[in-house]
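Working notes, beginning with the structure itself.
The values are calculated or read from the model by the stated rules, or taken from the named source; none is laboratory data. Keep in mind the model is a prediction, meaning the values are calculated, not measured. Quick reminder, even Gly has a Cβ in these numbers, built from the backbone with ideal geometry, and neighbours come from all protein chains shown.
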Amino acid sequence: MADDAREIEDGSDGDYALERSTVAEVLAAVEARDAGALEQVLEPLHAADIADLLEQIDGKQRRKFLALWGVELDGDVLSELDEGLRIEVIGEMSPEALAEAVRDLDSDDVVDLIEDLEAGDQQTILDALEATDRVAVEQALSYPEYSAGRLMQRELVKAPEHWTVGQTIDFLRREDDNMLPEQFYHVILVDPRLKPVGYVTLGRLLAARRSAKLIDIAEDSFRTISVLQPEDDVAYAFNQYHLISAPVVDEDERLVGVITIDDAMAVLDEEHEEDIKRLAGVGDESLSDNTLEIAKRRFPWLAVNLVTAVLASLVIAQFEDVITAIVALAVLMPIVASMGGNAGTQTLTVTVRAIATRDLTGANAWRVLRREVLAALINGLIFAVVIGIVGVLWFGDFRLGYVIAAAMVINMVVAGFAGLLIPIALDKLGVDPALASGAFVTTVTDVVGFLSFLGLAALVLI
């Protein structure tokens with residue numbers, strides 16, 4: 001029980017999180033300039049845990065850490081770091097340490113590592129690679145950013161489509177370890193022109209008779225990916241069709257690489273994280289960013305929110321006399337706008353997610369719109385009754401209860417429309433709905449909420 005309490009207090013999950021005590025031990029070794037103690041603490045840690053550690057300590061501590069341990073920094077650690085922090089860490093490393101760190105990485109990891117670096121740093125890494133690896137990385141960098149060509153790795157296992165299981169196993173056993181990928185899931189079958197025609201999982205390969213032909217035990221899930229296909233389409237295909245790996249082909253349909261599920265899911269995870277952050281208007285931030293960078297990224301959307309707030313205030317200003325005559329309106333009107341804003345955000349979140357996963361299409365948009373509006377209407381009627389009763393009991397005026405109830409229904413229904421139609425419209429215009437929808441939906445619900453409530457009050461109560 002004591003150990004469980006300590007883990008909860010430390011915010012850790014047992015063996016699957018970096019404990020606070022580990023960070024303290026690392027920092028103590030760094031401050032003491034004890035490389036041996038630092039190595040002892042870091043040796044059992046996974047590369048992802050070391051990357052987390054680098055993200056948790058501040059810039060000054062990172063510089064001391066890298067000065068003490070930089071020559072031992074593994075390329076896998078660099079691959080696990082957030083992009084901004086990775087560039088900072090690479091800037092603190094010597095060219096020799098950097099070259100040593102990336103030498104054993106797969107080609108896709110090298111591409112991901114260097115594509116955002118300055119030309120000089122890129123050249124340092126390229127010079128450290130073997131000739132064949134360097135050619136593979138340079139060719140990958142020639143493809144458009146965020147394309148399958150950047151995402152794929154060149155290390156793969158292929159075999160002629162007419163081979164048997166026995167021939168394939170013998171080939172794999174004879175092959176130099178350096179020529180085989182560290183991890184692979186399929187043997188890709190190719191025709192004489194190097195066009196992929198299928199693939200066989202390792203499980204089927206090992207379970208089949210030696211005399212069985214590879215083409216006879218090929219997977220039904222086989223599909224190829226164009227080298228120019230956007231990486232978000234690649235991630236969608238992996239998720240939609242439950243792929244483990246997929247061959248990548250060039251314009252002539254010839255095999256040039258392979259994409260594995262870990263890379264595809266990394267893209268999908270990045271897309272999800274990006275959507276969540278953009279819905280909040282915080283952009284591409286990480287915990288390692290400095291204060292000025294964060295302020296700079298957040299400023300534009302805070303400025304947009306200021307403009308929309310002024311617009312809502314202008315609506316309120318049109319009913320200044322009504323509010324002066326009935327002070328209760330000033331007390332109740334934020335409730336209408338707030339409920340509409342929350343309802344709009346709920347619909348907006350579902351819609352943006354459905355657009356990202358391609359579940360929302362032209363074929364079902366009308367059905368989804370009807371569902372969202374009816375749901376908003378039902379909730380609007382329920383909360384209208386509640387807030388209407390509250391208004392009557394609070395201020396003793398039945399007419400005020402009717403007004404706020406009617407305004408609540410109107411704004412909730414409008415929120416349902418806005419939360420769906422605005423992101424769809426932005427998506428059609430080529431604007432990321434996750435980035436811009438929130439400000440527009442909030443503006444609509446604020447304006448409609450204040451306008452309906454104060455407008456009805458002016459008609460009924462004055």
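Okay, here's what the table says:
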read-out	value
Pairs, first more than 18 Å from ASP109 (Cβ to Cβ) in the stretch 149-168, second among the polar types (S, T, N, Q), C-beta under 6 Å, six or more apart	ALA159/THR168; THR164/SER211
Flag for GLU80 being surrounded by fewer than 17 Cβ atoms within 10 Å (Cβ to Cβ) and acidic (Asp, Glu)	no
Odd one out for VAL307 among (1) under 15 Å from VAL441 (Cβ atoms); (2) in contact with a Gly (Cβ under 9 Å, 6 or more places away or on another chain); (3) surrounded by fewer than 13 Cβ atoms within 10 Å (Cβ to Cβ)	(2)
Residue count, the stretch 201-211 (criterion: buried (at least 17 other Cβ atoms within 10 Å of the Cβ) and of a type in the set (A, V, I, L, M, F, W, C))	2
Residue under evaluation LEU156, criteria (1) over 31 Å from the mean Cα position of the chain (by Cα); (2) assigned to a loop (DSSP other than H, G, I, E, B); (3) crowded, with 17+ Cβ neighbours inside 10 Å, criterion not met	(1)
Enumeration of residues in the stretch 357-385 that are assigned to a helix (DSSP H, G or I) and closer than 16 Å to LYS428 by Cβ	ALA365, TRP366, VAL368, LEU369
Of all residues in the stretch 229-252 being under 22 Å from VAL135 (Cβ atoms) and out of contact with any helix residue (DSSP H, G or I) (no Cβ under 8 Å at 6 or more places or on another chain), the one that is surrounded by the most Cβ atoms within 10 Å (Cβ to Cβ)	PRO247
Condition check for PRO144: over 24 Å from VAL190 (Cβ atoms) and not charged (D, E, K, R)	yes
Residues satisfying the stated conditions in the stretch 122-153, i.e. acidic (Asp, Glu) and over 27 Å from the mean Cα position of the chain (by Cα)	ASP127, GLU130, ASP133
Unique match (being charged (D, E, K, R) and surrounded by fewer than 18 Cβ atoms within 10 Å (Cβ to Cβ)) among ASP359, ASP427	ASP359
Residue satisfying condition, being more than 30 Å from ARG254 (Cβ to Cβ), in contact with a Pro (Cβ under 9 Å, 6 or more places away or on another chain) and not β-branched (Val, Ile, Thr), within set ASP52, ASP76, ASP106, ASP121	ASP121
Residues of the stretch 317-356 classified as farther than 16 Å from GLY438 by Cα and either in a helix (DSSP H, G or I) or hydrophobic (A, V, I, L, M, F, W, C) (or both), total	19
Where ARG204 falls short, out of the listed (1) in a loop (DSSP other than H, G, I, E, B); (2) touching a helix residue (DSSP H, G or I) at 6+ places or on another chain (Cβ under 9 Å); (3) basic (Lys, Arg)	(1)
Residues located in the stretch 41-68, provided they are more than 17 Å from ARG20 (Cβ to Cβ) and more than 21 Å from the chain's Cα centre (by Cα)	GLU43, HIS46, GLY59, LYS60, ARG62, ARG63, LYS64, LEU66, ALA67, LEU68
Given (1) crowded, with 21+ Cβ neighbours inside 10 Å; (2) over 17 Å from VAL157 (Cα atoms), number of the condition LEU255 does not satisfy	(2)
Failed item, numbered, when GLY396 is tested on (1) small (Gly, Ala, Ser); (2) modelled with pLDDT under 90; (3) touching a helix residue (DSSP H, G or I) at 6+ places or on another chain (Cβ under 6 Å)	(3)
Search result, residues across the stretch 132-153 that are in contact with a strand residue (DSSP E or B) (Cβ under 9 Å, 6 or more places away or on another chain), among the polar types (S, T, N, Q) and in a helix (DSSP H, G or I)	GLN139
Hey, ALA309 among the aliphatic types (A, V, I, L, M) and either more than 26 Å from GLY416 (Cβ to Cβ) or outside any helix (DSSP H, G or I) (or both) or not	no
